[in-house]
Amino acid sequence: MNATSAAVAAAAVFVWLGMVLAISFLEAPLKFRAPGVSVRLGLGIGRLVFRALNRAEAVLAVVVVVAVAAGGPPMAVLVLTVFAVALLAVQIAAVRPVLNRRSDRVLAGEDVPRSRAHLAYVACESVKLVTLVALGTATLAA
């Protein structure tokens, strides 16, 4: 992989990784512990924050894909890139819509049970986190 493409891809991957860590694993769980933050308020904030996170992730994913495609990547980098982008696509296209429908109901005042979709989102985030660490490392080594 050429040095410029590797540097751009690695930078985008590690920014992406930092955003996932900061939002999904720090901000999201902590906001519900803040004094005065109800479930409804936390869900409203969370929807805005995760919509913005997913948009930023999509932009960073495009940067990574373009840099990797331009750089003549080794197979490991190519596979990890495809996997990271696929995980993001699953979250955005399949899991978030289910979570949004549930949060719509909560915000409308309904008392709804916990959703397994939330666990699916957390699982995707966890796998994506490991994938991004591996991708960033593989890109730097390429």
* Structure fact -> Longest principal axis of the chain (C-alpha) makes with the long axis of helix 96-107 (C-alpha) an angle, in degrees to the nearest 10, of 20 degrees
* To the nearest 10 degrees, how steep is helix 75-90 against the longest Cα principal axis of the chain, on a 0 to 90 scale? -> 20 degrees
* Asked: With a 10 Å Cβ neighbour count serving as the proxy for reagent exposure, in which order, fewest first, do Glu27, Glu110 appear?
  -> Glu110, Glu27
* Asked: What's the angle, to the nearest 10 degrees (0 to 90), between helix 3-22's Cα axis and the longest principal axis of the chain?
  -> 20 degrees
* Asked: What ratio of Cα Rg to 2.2 N^0.38 Å holds for region 1-74?
  -> 1.44
* Given charges of +1 on the Cβ of Lys and Arg and -1 on the Cβ of Asp and Glu, with all other atoms neutral, how large is the dipole of region 3-141 about its Cα centre, in debye to the nearest 20? -> 400 debye
* Semi-axes of region 54-142's equivalent ellipsoid from the Cα gyration tensor, sqrt of 5 times each eigenvalue, largest first, rounded to whole Å? -> 33, 12, 8
* So for region 52-93, Kirkwood radius off the Cα pairs, Stokes-Einstein at 25 °C and 0.890 mPa s: how many µm² s⁻¹? -> 232 µm²/s
* **Peptide ranges 13-26, 46-59 listed from the most packed, as the mean C-beta count within 10 angstrom indicates** => 13-26, 46-59
* To do: May I ask you to order 96-103, 30-37 by the average number of other C-beta atoms within 10 Å around their residues, highest value first?
  => 96-103, 30-37
* May I ask which residue of Val95, Val20, Ala134 lies farthest towards the positive end of the charge dipole of the chain, with charges of +1 (Lys, Arg) and -1 (Asp, Glu) on Cβ and the Cα centre as origin? => Val95
* Net charge dipole size for region 89-139 [Lys, Arg +1 and Asp, Glu -1 on Cβ; Debye, nearest 20] -> 80 debye
* **Positive-pole candidate from Pro35, Tyr121, Val63, dipole of the chain, charges at beta carbon** => Pro35
* Structure fact -> On the formula 1/(1 + (r/R0)^6), with r taken between the Cβ atoms of Arg101 and Leu78 and R0 of 35 Å, the FRET efficiency rounded to 0.05 is 0.50
* Potential extension, Ala93-Ala58 segment - 0.36 nm per residue separation minus Cα distance -> 11.4 nm
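Bear in mind these aren't lab numbers, they're just calculated from the coordinates by the rules spelled out. Just so it is clear, the structure is predicted and the values come from calculations on it, not from any experiment. So basically every Cβ, Gly included, is an ideal-geometry build from the backbone, and we count neighbours across all protein chains shown.
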